[in-house]
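These notes concern the structure reproduced below.
The values are calculated or read from the model by the stated rules, or taken from the named source; none is laboratory data. Quick caveat: nothing in here was measured; it's all calculated off a predicted structure. Every residue, glycine as well, gets a Cβ built from its backbone with ideal geometry; the counts of neighbours run over all protein chains shown. With ligands, DNA and RNA removed, areas are computed over all heavy atoms of the protein, side chains included. Shrake-Rupley method; radii C 1.70, N 1.55, O 1.52, S 1.80 Å.
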Amino acid sequence: MKIMKKSTVIYLSILTGVTALGVAACKKSFLDVKPQGTQLESNYYQSPADAFAALVAAYNPLSWTTVSSYCPKTVLLNLASDDAYAGGGSNTDNPGMQAWNTFNMSSATPNVPPDLWSKGYSGIYRANVVLEKVGGVPGLSDALKTRYTADMKFLRAYYYFDLVRLFGNIPLITTVLQQNEFFTQLQVKPAQVYAQIEKDLNDAIPNLPATLDPSENGRATKGAAQALLGKAILYQNDNSRMQAAAAQFELVNTSPNYHLLPNYADNFIPTNKFNAESVWEVVHTAASGRDWGSFGTDDGNVGVQMVGPRGYTGPIYESNTAGYGFNPLTLDLVNALKGDPRYSATIANLDSLVTAGVSKYDKSGYQNTGYFIQKFAPLAAYQATVGVIPLNWTNDEIDIRLADTYLMEAEALVRGGGDLAKAQSYLDKVRARVGLPSVPATLTNIYNERRLELATEGHRFFDLVRTGQAATVLASKGFKAGMNEVLPIPLVELNNTKLVQNPGYK
């Protein structure tokens, strides 16, 4: 399946119907694959191998850090928050990113809204196709049909969870559309999308494995689906359902399959993937050896290159191609983390290296503060050895980890009038791991702990929006209540369709 720019993704992701074939498992992850050809959907789904290739294709959009331009989701969510700025070379470097950084977007804003929209709906289309086809694949066992169906329902829920948080009122598509339906789709209220997310996850959970063979790393597990279900309930902000959210988190938090890593920084070592703290992570691989000719759906994590300091020379960080200077950290985050044991694993103080005489970098980068992201910095020790370096970083995006679910359960228990002693214990566990003393399990303290524990991991913007803090905290960036909680529907999706723009956007 290919994505094209000149028409709606809902239309084209269905019309093209092309799926990557020739994929094979690799010891690091079942997604560490080299695409070897394509075949039309009409000639497809004739064997178990075809079904497995379609499964991998449905997972593949997760790892797209770009579609038509630089667009790593984590980098974008960081600049939308109070943790980081857009940065880059100038205030015109990637206009879509600059527009979100100042909450000055419109339906015509390039790259960012269209890329996030197309990434989500591409994944949904692929999941819907597999769900419709998998039952009729010759030779595929009933057990695999059940497992693949659970995978697809998890993925569809995950893609929709991103889309509903990013865009609010969106089309809900759960079947493969016919040609006469391409341009007639209507938006539904977020509540209807969340209901489908919950249904898909409840359907998937019984048929997903609790653990994976290493060859399957990157696929959905029971714990990942339970955590995502808890998040979906939590994000709907209905305090009467907080106990239901807490119950899902509790299944994860008490599972013998997960525990906090003793050393906080070990979560972010690129070679320490799928560790005991990782509940769900988006895989990135250099197996395809991408170059600039395939830029757009590369499987590596170009976000790593983007957040590196510009013009860097010296040890520690990759200096052959240097970084692009995006996501310089705000002094607000730096000051919040000063004295916190997580500081050095989160923040890179480049100016201190310059002062020490061991490194140089271009300080003229836009919005440069001297502080950069350390958690997924372009470390020389982990640079790509195949393809071009910027497109082939293998740092996974850690989407859900146990410290996150601990804090979400603590929040849900406090908001829902649940077991406050248990809420306190989960907050204490997160702090004790890094040697910090107990603080009362109030919502203020839990929200603050989320910021410090999860800084630069892409959670902060959504946390501010869902807890009603965004209008105050992001006011200096231009955030407007009742509008900037969601992105504008891309102009290319509005043309010749029945979609309606979100309130406040032109």
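Of 338/363; 273/422; 153/222; 133/153; 199/273, which sit over 19 Å apart, Cα to Cα? Can you show the working numbers first?
Numbers: 338/363 22 Å; 273/422 29 Å; 153/222 12 Å; 133/153 14 Å; 199/273 29 Å.
Going by Cα-Cα distance, 338/363; 273/422; 199/273 fall outside the 19 Å limit.
Could you please state how large a percent of the accessible area of the chain is carbon and sulfur, counting protein chains only and using a 1.4 Å probe?
Numbers: 9810 of 18430 Å².
Summing carbon and sulfur atoms, their accessible area is 53 percent of the total for the chain.
Leaving out same-chain residues fewer than 8 places away, which aspartates and glutamates sit with a Cα under 13 Å from that of residue 189?
Answer for residue 189, where 13 Å is the Cα cut-off: none of the aspartates and glutamates qualify.
Tell me the per residue accessible area of the stretch 385-452 using a 1.4 Å probe; a whole number in Å² is fine. Before the final figure, lay out the partial values.
Numbers: 2260 Å² over 68 residues.
With all protein chains present, the stretch 385-452 gives 33 Å² per residue.
What's the Cα-based Rg to Rh of the chain, Rh via Kirkwood?
0.94
For the stretch 162-217, what is the Kirkwood estimate of the hydrodynamic radius, computed as the reciprocal of the mean inverse distance between distinct Cα atoms, to one decimal in Å? Please list the in-between numbers first.
Details: mean 1/r = 0.0727 Å⁻¹.
Final number for the Kirkwood radius of the stretch 162-217 is 13.8 Å.
Over all pairs of distinct alpha carbons, what does the Kirkwood formula give as the hydrodynamic radius of the stretch 372-506, in Å? Each step should come with its number before you reach the end.
Working: mean 1/r = 0.0550 Å⁻¹.
After inverting the pairwise mean of 1/r, the radius is 18.2 Å.
Taking N as the number of residues in the stretch 155-267, what is its alpha-carbon radius of gyration divided by 2.2 N^0.38 Å?
Values: Rg = 16.5 Å, N = 113, 2.2 N^0.38 = 13.3 Å.
Against the empirical 2.2 N^0.38 Å value, I get 1.24 for the stretch 155-267.
Search the structure for amide H atoms under 5 Å from the amide H of residue 279, placed 1.01 Å from N in the peptide plane, and list their residues when 5 or more places away or on another chain.
Residues meeting the amide H criterion: 400, 401, 402.
To the nearest 20 Debye, how big is the dipole of the stretch 190-332 about its Cα centre, given +1 on the beta carbon of each Lys and Arg and -1 on that of each Asp and Glu? Working shown, then result.
On the way: 8 positive and 15 negative charges, 22 e Å.
Around 100 debye, computed over the stretch 190-332.
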